[in-house]
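As structure tokens, the structure follows; a few thoughts come after it.
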Amino acid sequence: QVQLVESGGGLVQPGGSLRLSCAASGISFSGYTMGWYRQAPGKQREFVARITTADSTNYADSVKGRFTISRDNAKNTVYLQMNSLKPEDTAVYYCRLQATAYWGQGTQVTVSS
């Protein structure tokens, strides 16, 4: 059974940092591209970042230079380091097993003073 479990969300002030984690089980993690997405209230879910099996990365323009995606295959975990956070980064963040229907349950990130 495939499971993706996110953690690390919370409330942070503008300019602050958070690191999200997504722990995967039930799959051969190293064989999959992993992605992070987010959904703000009243908006559609949008792509944030992805990392391939070869550690190649892609980012949405809105987070480029501020967010960093990484993976630890030994721990079956993908991370999203978020720096210089802005109020517009407030959303529920989801990890996804790319090109599949498997998503995590989401973790709330709120950027507010």
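Brief remarks on what is shown
- Within the stretch 60-71, residues that are assigned to a loop (DSSP other than H, G, I, E, B) reach partners that are aliphatic (A, V, I, L, M) with beta carbons closer than 6 Å, at six or more positions or on different chains, in the pairs ALA60/VAL48; VAL63/VAL48.
- Single residue of ASP61, ASP89 found to be more than 21 Å from SER113 (Cα to Cα), modelled with pLDDT of 95 or more and either of a type in the set (Asp, Glu) or open to solvent by less than 60 Å² (accessible area, probe 1.4 Å) (or both): ASP61
- Subset of the stretch 67-86 (residues that are open to solvent by 30 Å² or more (accessible area, probe 1.4 Å) and not hydroxyl-bearing (Ser, Thr, Tyr)): ARG71, ASP72, ASN73, ALA74, LYS75, ASN76, GLN81, ASN83, LYS86
- Residue within the stretch 2-21 that is open to solvent by 60 Å² or more (accessible area, probe 1.4 Å) and acidic (Asp, Glu) present: no
- Any hit, the stretch 64-80, residues being at pLDDT below 95 and at positive phi: no
- Condition met for GLY35 (touching a residue at least 40 places away in the same chain (Cβ under 8 Å), in a loop (DSSP other than H, G, I, E, B) and not basic (Lys, Arg)): no
- Inside the stretch 42-63, residues that are of a type in the set (Lys, Arg) and closer than 17 Å to TYR79 by Cβ make up a count of 1.
- Scan of the stretch 82-101 for residues that are out of contact with any Leu (no Cβ under 8 Å at 6 or more places or on another chain) and in a strand (DSSP E or B), ordered by number: ALA91, VAL92, TYR94
The values are calculated or read from the model by the stated rules, or taken from the named source; none is laboratory data. Not measured: the values here are computed from a predicted model. Reconstructed Cβ throughout: ideal geometry from the backbone, glycine too, with neighbour counts over all protein chains shown. To get the accessible areas, we keep the full protein, side chains included, count just its heavy atoms, and leave off ligands, DNA and RNA. Shrake-Rupley method; radii C 1.70, N 1.55, O 1.52, S 1.80 Å.
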